[in-house]
Amino acid sequence: MIRLEPRPAISGFWTYASPVTAVLLTLITGAFLFAALGQAPLEALHIYFISPIADWYGITELFVKAVPILLCAYGLALCYRAAVWNIGAEGQLLMGGIFASVIAVQFVDSDAWLAMPITMLAGVAGGMVWAGIVAFLKLKMNTNETLSTIMMNYIALNLLLYSVHGPLKDPHGFNFPESALFGDSTLLPILFEGTRLHLGLAFSLLALAATWVFISRSFIGFQIQVMGQDQAAAKMAGFNKTKLVLTVLLICGGLAGLAGAGEVAGPIGQLVPHISPGYGYSAIIVAFLGRLHPVGITLAGLLMALIYMGGEMSQIFLGLPNAITGVFQGLILFFLLSSDVLIRYRIRWASNPMKAGAA
Amino acid sequence: MDLDLLTNILYLTIRTGTPLLLVALGELVCEKSGVLNLGQEGMMLMGAVVGFIAAFYSGNVYLGFAMAACAGIAMSLVFGFVAVTLNANQVATGLALTIFGTGLSAFIGASFEGKTITALPTLAVGFVETIPLIGRPLFAQDAMVYFSWILFIAIYLFFKQGRGGLKVRAAGENPTVGSNLGLPVLKIRYLSIMFGGAMAGLAGGYLSLAYTPLWTENMTAGRGWIALALVVFASWRVGRIMLGAYLFGFASIMHLVLQGFGLSISSNLLATLPYVATIVVLVFLSKNIERLKQFEPMALGKPWHKTH
């Protein structure tokens, strides 16, 4: 029988060792999984985790994938620090993509320099509107945000489908459920010729710096953490809960919306039914794996991007379904939650509960 | 609106509500024992894909349901180990279960997309089926619909009378006191979690073996999450679960209803209705949070381990 013995204080070592352990356990499980599927385990792991980033183009693609994940995860981490269980980054990202597209299709034949910034701002607004609804429901109606955000995700997905089948469908697009291709003035500039790496990278670096300063240097960042750890203490100190909850949700929505705008005006270049392979959900894993800290999140986000790329690689070279990405994502989160137990508890293997109790 | 359409709407409301009823009953029992499992969606998807594959190879749709339940139980045991034995955060663990189940089901089901099976047959009782309006909705459904009714009554009685329901509730209200009185709290919680897993598996199986009958990635479309809201809607009372499940079933087939009135609205917009309805319901219930708290199992979602 496993017995958990509470530690006198939380373990600083395991706080940081736990994510590393989780990744290692995932790799080991992955090796077994590949073996069970009749692949040579090491070779398969190499194809999955090394080959995608073996050249310069691969590395730039890693950042292309990481940008939307990171933008979502920085914002989610703020929410989780405030104990606001927002799992709606996916819906906020989709709304950002829709809002951005509404603006972008107005500029298809225009070369106004303002087209791109306005498109991005529209994306931010879209995400904020979606997160703002959740904030309103939580603050004014007492509605549990976990359930409301997940419902908002499904609503956003259906609104996206409605947009591409209806109002935003390209009139010259042979009836495909897609918007018109965006004009050059709307698209995010490419940073390195011959790659797809776009200005979104700068957005995510800015978000990294901004959220880091926000958490560690601002008074409101401090208030957020107090509220997240002890609601009663925050209330006693007179912190304004409404303001704090609204702040974290709007920042998260804005960043996720920007991620969506960056996708439609970046690598995709138009509004399509599938603008996100679940970036908003994987950002949840990234936020926890990165210990809710912007630097940790950046590392975890790059790993998550690699898992997405590895899925594509294993589809091409191993003939495995792309969905293996989701298997790895789930495994990482499970192993992380399991290893996190060691932060608060020691594990004792007790064959005789009486004896262990006496010890 | 003519009678045929009305009959059809009733018939489909019950069919659409059945997977919700199954998964919500399972989650209700699980929550009564004090465990909040947000992994319903993942367990349903695994039930749907495993059930479909089993039925595809064996040609036996009932075996498909048995395997769907087993898949749900297997998933729920993963949850139980992490959330109950290792005492991890139940919300995060449930979320992990959903992400894992979504990925794993898409992975093992990838080569079965587009394949077809023979759906679960309807069991007409004969002459009563011809009763206007209620005949077909009540007496010409498939075996799982009838099974869900039997189960509903069984769970109602389980909590209404007998020691079993009392033990589950004790584990969910105050596990420490229960444990001190000699109740095997962990065992009760594990069994409740496994029951929830079996129900979620069956609910998923209902989608891939009876409702659509085919497998597509992510085919549950949030029903596992709606079921979680249903339990709140029912304020943890069995009787109301059925009402809620059929109300949501009705909201999901709204396009048919509107068709009856000669209205045509984008199907994508109508598809948002069950989710909007869920939020609206949550809003109305949460307005009176004090009252809601009276019905919620007191230890719901709180990690607990035996200290001595």
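Using only helices, what value at 222 nm comes out for the protein assembly as shown when you add -39,500 (n - 2.57) per DSSP H run of length 4 or more and divide by the total residues, to the nearest 500 deg cm²/dmol?
On the way: 29 runs with 449 residues, N = 667.
For the protein assembly as shown, the value works out to -22000 deg cm²/dmol.
Viscosity 1.306 mPa s, temperature 10 °C: give me the Stokes-Einstein translational D for chain A in µm²/s, with Rh taken as the Kirkwood radius over C-alpha pairs. Could you put the intermediate results ahead of the total?
Numbers: Rh = 21.7 Å.
Reported coefficient: 73 µm²/s.
Springs between alpha-carbon atoms under 10 Å, Gaussian network over chain A: tell me which of A:Gly58, A:Gly262, A:Gly310 tops the mean-square fluctuations.
Highest fluctuation of the listed residues: A:Gly58.
Hey, fewest Cβ within 10 Å first, where do B:Val29, A:Val20 land in order? Mind dumping the intermediate values first?
Values: B:Val29 24, A:Val20 11.
So the residues, fewest neighbours to most, are A:Val20, B:Val29.
With a ≥ b ≥ c taken as the square roots of the eigenvalues of the C-alpha gyration tensor of the stretch A:63-114, please select rounded if a/c is under 1.5 and otherwise prolate if a/b is larger than b/c or oblate if it is not? Walk me through the numbers on the way to the answer.
Working: a/c = 3.22, a/b = 2.29, b/c = 1.40.
It comes out prolate by the Cα gyration axes.
From other protein chains only, count the Cβ atoms within 10 Å of every residue's Cβ in A:333-340, then give the mean. List each step's numbers first, then the result.
Values: counts 9, 11, 2, 3, 9, 7, 2, 5.
Mean inter-chain Cβ contacts per residue within 10 Å come to 6.
Can you sort B:Leu247, B:Leu21 by how many other beta carbons sit within 10 Å, fewest first? All intermediate terms of the calculation are to be shown ahead of the outcome.
Values: B:Leu247 19, B:Leu21 29.
Least to most surrounded, the residues fall as B:Leu247, B:Leu21.
Pick from A:Pro189, A:Pro19, A:Pro68: which residue has the top mean-square fluctuation in a GNM of chain A where Cα pairs under 10 Å get a spring?
Most flexible of the set in this elastic network: A:Pro189.
May I ask you to derive the FRET efficiency for A:Ala83 and A:Leu206 from their Cβ-Cβ distance with R0 = 35 Å, giving the value to the nearest 0.05? Please list the in-between numbers first.
On the way: r = 26 Å, r/R0 = 0.74.
Using R0 = 35 Å, I get an efficiency of 0.85.
Report the local net charge at A:Gly200: Lys and Arg +1, Asp and Glu -1, summed over other residues whose C-beta lies under 15 Å from its C-beta. Provide the component values of the computation, followed by the final result.
Numbers: positive: A:Lys65, A:Arg196; negative: A:Glu61, A:Glu263.
Overall, the nearby charge balance is 0.
Given 10 Å bins starting at zero, what is the percent of C-alpha pairs of the stretch B:205-308 in each, up to the one with the largest pair distance?
12, 34, 31, 16, 5, 1, 0
What does the protein assembly as shown give for Rg and for Dmax, in Å, if only its C-alpha atoms count?
Both quantities, over Cα of the protein assembly as shown: 25.0, 79 Å.
In degrees, nearest 10, range 0 to 90: what is the angle between the Cα axis of helix A:279-289 and the longest Cα principal axis of chain A?
The helix A:279-289 is inclined about 30 degrees to chain A.
Sequence neighbours fewer than 8 away in the same chain don't count; with that in mind, list the lysines whose C-alpha is under 23 Å from B:Lys306.
The reachable lysines, counting only those whose Cα sits under 23 Å from B:Lys306, are A:Lys355, B:Lys32, B:Lys167, B:Lys187.
Mind checking the mean number of beta-carbon atoms from other chains within 10 Å of the Cβ atoms in B:264-270? Intermediate results must be reported in sequence, preceding the final value.
Values: counts 0, 0, 6, 4, 11, 6, 2.
Neighbouring Cβ atoms belonging to other protein chains average 4 per residue here.
Over the stretch A:16-167, calculate the relative contact order: mean separation of alpha carbon pairs under 8 Å at least 6 apart, over the residue count, as a percent.
Values: 107 pairs, mean separation 32.4, N = 152.
So the answer I get is 21 percent.
What's the angle, to the nearest 10 degrees (0 to 90), between helix B:143-160's Cα axis and the longest principal axis of chain B?
30 degrees
Quick one: compute a quarter of the convex hull surface over the Cα atoms of the stretch B:107-266 and quote it in nm².
Working: hull surface 53.3 nm².
Convex hull of Cα atoms, orientation-averaged projection: 13.3 nm².
What is the diffusion coefficient of the stretch B:228-267 in µm²/s, taking the Kirkwood radius over Cα pairs and the Stokes-Einstein relation at 4 °C with a viscosity of 1.567 mPa s? Can you show the working numbers first?
Numbers: Rh = 11.3 Å.
It diffuses with D of about 114 µm²/s by this estimate.
Let me know the mean shielding of A:132-145 by other chains, meaning the per-residue number of their Cβ atoms within 10 Å of its Cβ. Don't jump to the answer; show the numbers that get you there.
Details: counts 0, 1, 1, 0, 1, 4, 1, 0, 2, 8, 8, 10, 7, 0.
Going residue by residue through A:132-145 and averaging, the value is 3.
Any idea what the relative contact order of the stretch A:133-281 is, in percent, if you count C-alpha pairs under 8 Å spaced at least 6 apart? Walk me through the numbers on the way to the answer.
On the way: 111 pairs, mean separation 39.1, N = 149.
Here the relative contact order equals 26 percent.
Cross-link candidates for B:Lys302: which aspartates and glutamates have Cα within less than 12 Å, leaving aside residues fewer than 8 places away along the same chain?
Qualifying aspartates and glutamates at Cα under 12 Å: B:Glu31, B:Glu173.
Can you tell me, using C-alpha contacts under 8 Å and at least 6 residues apart, the relative contact order of the stretch A:48-316 as a whole percent? Let's see the in-between values first.
Working: 519 pairs, mean separation 107.5, N = 269.
Relative contact order of the stretch A:48-316: 40 percent.
Order these by the 10 Å Cβ neighbour count, fewest first: B:Met254, A:Met152, B:Met194. Before the final figure, lay out the partial values.
Values: B:Met254 17, A:Met152 27, B:Met194 22.
Listed from fewest to most nearby Cβ atoms, that is B:Met254, B:Met194, A:Met152.
Taking a ≥ b ≥ c as the square roots of the eigenvalues of the Cα gyration tensor of the stretch B:3-295, is the shape rounded (a/c under 1.5), prolate (a/b larger than b/c) or oblate? Write down the numbers at each step before the final one.
Working: a/c = 1.59, a/b = 1.34, b/c = 1.19.
It is prolate, given that a/c is not under 1.5 and a/b is the larger ratio.
Straight-line reach from A:Lys243: which lysines have Cα under 22 Å away, leaving out those fewer than 8 places along the same chain?
Output for A:Lys243: A:Lys138, A:Lys140, A:Lys235, B:Lys287.
Helix B:61-80 versus the longest principal axis of chain B: what angle, 0 to 90°, nearest 10, using Cα atoms?
30 degrees
Throughout, read-outs are computed from the coordinates displayed, never taken from laboratory work. Keep in mind that this is a model prediction, so the values were computed, not measured. Note that we place each Cβ from the backbone using ideal geometry, even for glycine, and neighbour counts take in every protein chain shown.
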